[in-house]
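Working notes, structure below.
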């Protein structure tokens, strides 16, 4: 079962409330990022974002253990090539 905001084509990456009735979100639609505004009355795509901005943000937010695991994997791959 998919988590809320994690569909196959549409995924909500981040939501920032503006007040109790409106918010902005970064949404991936078919893997393309957009800024979306929504309120009780309407939903609007405000602008597209550069395609790599979500990847960069996710990369920066990785935990220490995830970074260590990835670094370890790359070291092992390098040693296997030698």
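What order do you get for 49, 18 when you list them from fewest to most C-beta neighbours inside 10 Å?
In increasing order of surrounding Cβ atoms, one gets 18, 49.
Neighbouring Cβ atoms within 10 Å as the yardstick, rank 21, 15 fewest first.
Going from least to most buried by this count: 21, 15.
How do 52, 41 line up, fewest other C-beta atoms within 10 Å first?
41, 52
If I model a spin label at residue 12 and residue 29 as a point 7 Å from the Cα along the Cα→Cβ vector, what separation in nanometres do I get?
With each label point 7 Å from Cα toward Cβ, the separation is 1.6 nm.
I'd like to compare 30-36, 8-14: which one has the highest average count of other Cβ atoms within 10 Å, and what's the full order after that?
Those peptides, ordered most packed to least, come out 30-36, 8-14.
Bear in mind these aren't lab numbers, they're just calculated from the coordinates by the rules spelled out. These numbers were taken from a predicted model, which means no experiment stands behind them. Reconstructed Cβ throughout: ideal geometry from the backbone, glycine too, with neighbour counts over all protein chains shown.
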